[in-house]
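So the structure is just underneath, and the comments pick up after that.
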Amino acid sequence: DVKVTQSSRYLVKRTGEKVFLECVQDMDHENMFWYRQDPGLGLRLIYFSYDVKMKEKGDIPEGYSVSREKKERFSLILESASTNQTSMYLCASSFSSRYEQYFGPGTRLTVT
Amino acid sequence: AQSVAQPEDQVNVAEGNPLTVKCTYSVSGNPYLFWYVQYPNRGLQFLLKYITGDNLVKGSYGFEAEFNKSQTSFHLKKPSALVSDSALYFCAVRAYSGAGSYQLTFGKGTKLSVIP
């Protein structure tokens, strides 16, 4: 079974802090994704990566950056956290675009 | 631009009755369509997909979905609902995002409540 793990289930940070969210997949998938999920808005794509050291902006990249130094790991970085970044963050991976994405359990981030 | 619409925020159905969760899409070219389910405080789980072939797709947990090209719909169905099917359901369509890469566009989700 594919396993996607995220470093924290719950995280509380202060405004202005730099925040790192880590995601690791164990199935040698090429593609990895970061989404945020907000009530009534569904899932919105922040960034994705289809290869090591490659990244593409999604629909809402502002205020975020990413890093993919190894194939299995994809990190989301909030350079200076703000209260409007309080959300559920979901990481996903897939073998290719023809195949389904596998999701991690999510990180619920609260910025105070 | 690609889009997915789930016209119902919530669907209520009695246990044992058939259920339908609706999804319509708009995309250029041939659609790749997916359904996911999310249980409380969990990530999304893949249910089924349509890429090509038969219009009726069978998936996990007894779910199926019918692809209708003329109506641009991909409704999720189950003949007999269980209380344990209560969850949030997302429809998604694959769309080309440039430079040879693709992304999924998700609907806003439909909350399914199965009443005992």
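The lone criterion from (1) open to solvent by 50 Å² or more (accessible area, probe 1.4 Å); (2) farther than 30 Å from B:Gly98 by Cα left unmet by B:Ser60 is number (1).
Can you pull out the residues in segment A:16-37 that are open to solvent by 20 Å² or more (accessible area, probe 1.4 Å), within 12 Å of A:Leu109 (Cβ to Cβ) and of a type outside the set (Lys, Arg)? Don't jump to the end; show me each part of the working.
Step one: filter segment A:16-37 for residues open to solvent by 20 Å² or more (accessible area, probe 1.4 Å), giving A:16-18, A:20, A:22, A:24, A:26-28, A:30-31, A:36-37.
Okay, now just the ones that are also within 12 Å of A:Leu109 (Cβ to Cβ), so A:17, A:20, A:36-37.
A:Glu17, A:Phe20, A:Gln37, listed by residue number.
Within segment B:70-116, being exposed (fewer than 14 other Cβ atoms within 10 Å of the Cβ) and within 10 Å of another protein chain (Cβ to nearest Cβ) holds for B:Gly98, B:Ala99, B:Gly100. Restricting segment A:18-27 to residues that are without any contact (Cβ under 8 Å) to a residue 60 or more places away in the chain and not β-branched (Val, Ile, Thr) leaves a set whose member that is farthest from B:Gln38 (Cα to Cα) is A:Phe20. Scanning segment A:66-104 for residues being within 12 Å of the chain's Cα centre (by Cα) and either open to solvent by 30 Å² or more (accessible area, probe 1.4 Å) or not hydrophobic (A, V, I, L, M, F, W, C) (or both) gives a total of 8. Restricting attention to segment B:28-50, the residues that are open to solvent by 40 Å² or more (accessible area, probe 1.4 Å) and farther than 22 Å from A:Gly106 by Cβ total 3. For first residues located in segment A:41-69 and facing chain B (nearest Cβ under 9 Å), partners that are basic (Lys, Arg) and lie 6+ apart or on another chain with Cβ distances below 6 Å form the pairs A:Gly42/B:Lys108; A:Arg44/A:Arg36; A:Asp59/A:Arg44.
Note on segment A:48-65: among residues that are at pLDDT below 95 and in a strand (DSSP E or B), the one that is most open to solvent (accessible area, probe 1.4 Å) is A:Lys57.
The values are calculated or read from the model by the stated rules, or taken from the named source; none is laboratory data. Keep in mind it's a predicted model, so treat the numbers as computed, not measured. So basically every Cβ, Gly included, is an ideal-geometry build from the backbone, and we count neighbours across all protein chains shown. Heavy atoms of the whole protein, side chains included, go into the accessibility calculation; ligands, DNA and RNA do not. Shrake-Rupley method; radii C 1.70, N 1.55, O 1.52, S 1.80 Å.
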